[in-house]
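In what follows, a structure is listed as structure tokens, so that the remarks can point back to it.
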Amino acid sequence: MNVSKRYDIIIAGAGLSGLSLAWYLTKEKYSGQILVIDKSFAPINHKTWCFWGKKNHPFAEIAHRTWKDTYFSALDFSSKLSLKDYLYFCVKESDFKETILSTLRKAPNVDLLEEDILDFSSNSSKAVLITKDNNTYLADYIFQSIFMPSNYDASTRKYPLIQHFLGVEIKTDDEIFDKKTFTLMDVDSDFNDGFAFMYTLPFNKNRALVEYTIFSAKPLKKKQYKKKIYSYLKDKYNLTKENYSIKRKEYGEIPMDDRPHTPVYSSRILNLGTVGGFTKPSTGYTFSRVHKYSKKCAQALTKGLKPPIPQTSSYRFRYYDLLLLRVLATNVPDSRKIFRSLFKNSSLDRIFKFLSEETNFIEDLMVLASCYYPPFLRALTIHPPFFTQFDKSYNANSKRLQKKIDVFENFDQIPDSSFQDLKGTVEQNHLNKTIS
Ligand SMILES: Cc1cc2nc3c(=O)[nH]c(=O)nc-3n(C[C@H](O)[C@H](O)[C@H](O)COP(=O)(O)OP(=O)(O)OC[C@H]3O[C@@H](n4cnc5c(N)ncnc54)[C@H](O)[C@@H]3O)c2cc1C
């Protein structure tokens, strides 16, 4: 095993959450030594990240496109809706990565390293990362977006839904798209693979990403998504395969977890991004939550404080998510009615504010009152308010987590342990995983 340099911070995984944190640290002028490690920094463009935010959002400059208008359609309601306080941003993965990596390459306190990570370990005073090439890197803290926490058990979810989608970016011969209006949801009763809809991002009059998105328990075969997209293009835009070329495809599966993830991998190792449970269960949106935490964390570290522990949503918002997940998982026609009524009766700004979990209780009630409510009443009887345990082991997990956080909070008082111990723990953990 090769012993390598020691850092203040290691960021393991240079995807959305890892790079966001690194970017905020440089923006805040954090002076500690940072290692950013990923299997590859090669430019890729597999994802298109969208989110809503204010005009002056820090990532506004690298947004590929922004929109103020959207088209929504479900059952007998279709309408063009406009945003007032927010813009809907679209950031290409390649632009995001290139911009941030070029900033990091210029930063004297940041090392970028391409290696495959095998595992982590920590004690109360240090964290260690080991790579498949048997190199080890030590730090005060590791922020990781790679491995699910070891106590994560997908089988304990009440509603094991995923948001899965396949999109094709097409270039058409003719100018047919309204580039000022993206389609947030086009729900059609022919889309019957779960609660499903088309999502379209027009980049230009003749270029758009068209995605078939489903909330259900299992992904489809790739050709099933494609079939739906091709027939949608024919029905909606009268496009046949002769009229366009496919420039890119994008596939994703985003967990819609109804239980919180533990934010701590082990003391001094924090979970970020998808594995940290940053995804909003009922929507799959992750970008804004990652961005909010990264900023807060970078500010704390720059001030010499401990990194804040990522918080789960408040009970109130987790409860609303749970009710909606129940409807989505058990009743597709009712789900369509809920979305139809929501977008018909509430303003888009209010819906986005609610989904950002920034509404007050009165505003929540206004949003909920605008929805078709019988399915929610039925869900309330299954999950009564104030008595709902989000999962049986949640309390036990919270207690365990609190213990870890206590250790994490008190690390300054604990004497330095030997580097050898940490390496041993990683090797033993890895051995245990291999055996089991
Ligand atoms: C196709 C797609 C589109 C999405 N669109 C949106 C959207 O529009 N809006 C939104 O809010 N959310 C979206 N999401 C959800 C979420 O924002 C993304 O999945 C996001 O990339 C999650 O960020 P992350 O940092 O957790 O993981 P990632 O961005 O996947 O980063 C993980 C990193 O870890 C590296 N890595 C993994 N294993 C190892 C290893 N063993 N050693 C070294 N490095 C390793 C990977 O190379 C990667 O760079 C989308 C997801 C997908 C899949």
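Within the group Trp23, Trp67, which residue is under 23 Å from Gly167 (Cβ atoms) and within 16 Å of the ligand (Cβ to nearest atom)? So that I can check it myself, show each step before the final result.
Working: Trp23 fails: under 23 Å from Gly167 (Cβ atoms).
None of the other options fit; the residue is Trp67.
Scanning the stretch 238-252 for residues that are surrounded by fewer than 18 Cβ atoms within 10 Å (Cβ to Cβ) and either among the aromatic types (Phe, Trp, Tyr) or in contact (Cβ under 8 Å) with a residue 40 or more places away in the chain (or both) returns Asn243, Ser245, Ile246, Lys247, Arg248, Lys249, Glu250, Tyr251, Gly252. Note on the stretch 283-327: among residues that are of a type in the set (Ser, Thr, Tyr) and in a helix (DSSP H, G or I), the one that is farthest from the chain's Cα centre (by Cα) is Thr302.
So that you can scan it fast, the table gives a plain yes or no per residue for (1) more than 16 Å from Gly284 (Cβ to Cβ); (2) within 14 Å of the ligand (Cβ to nearest atom); (3) of a type in the set (A, V, I, L, M); (4) touching a Lys or Arg at 6+ places or on another chain (Cβ under 6 Å):
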| residue | (1), (2), (3), (4) |
| --- | --- |
| Lys132 | yes, yes, no, no |
| Pro149 | yes, yes, no, no |
| Leu161 | no, no, yes, no |
| Ile170 | yes, no, yes, no |
| Met185 | no, yes, yes, no |
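If the condition is being assigned to a helix (DSSP H, G or I) and in contact with a strand residue (DSSP E or B) (Cβ under 8 Å, 6 or more places away or on another chain), then the stretch 273-282 contributes Thr274, Val275, Gly276. Scanning the stretch 353-360 for residues that are more than 20 Å from Ile162 (Cα to Cα) and surrounded by fewer than 16 Cβ atoms within 10 Å (Cβ to Cβ) turns up at least one hit.
Condition test on Thr103, is it surrounded by 14 or more Cβ atoms within 10 Å (Cβ to Cβ), over 20 Å from the mean Cα position of the chain (by Cα), outside any strand (DSSP E or B) and of a type in the set (Val, Ile, Thr)? It would help to see each step written out before you state the result.
Values: surrounded by 14 or more Cβ atoms within 10 Å (Cβ to Cβ): yes; over 20 Å from the mean Cα position of the chain (by Cα): yes; outside any strand (DSSP E or B): yes; of a type in the set (Val, Ile, Thr): yes.
Against the criterion (surrounded by 14 or more Cβ atoms within 10 Å (Cβ to Cβ), over 20 Å from the mean Cα position of the chain (by Cα), outside any strand (DSSP E or B) and of a type in the set (Val, Ile, Thr)), Thr103 qualifies.
Of the strands (runs of 3 or more DSSP E) that lie entirely inside the stretch 1-64, those containing 3 or more residues that are surrounded by 15 or more Cβ atoms within 10 Å (Cβ to Cβ), modelled with pLDDT of 95 or more and touching an Asp or Glu at 6+ places or on another chain (Cβ under 8 Å) span 2-12, 34-38.
The values are calculated or read from the model by the stated rules, or taken from the named source; none is laboratory data. Only a predicted model underlies this, so the values are computations on that prediction, with no experimental measurement involved. We place every Cβ from the backbone using ideal geometry, glycine too, and count neighbours over all the protein chains shown.
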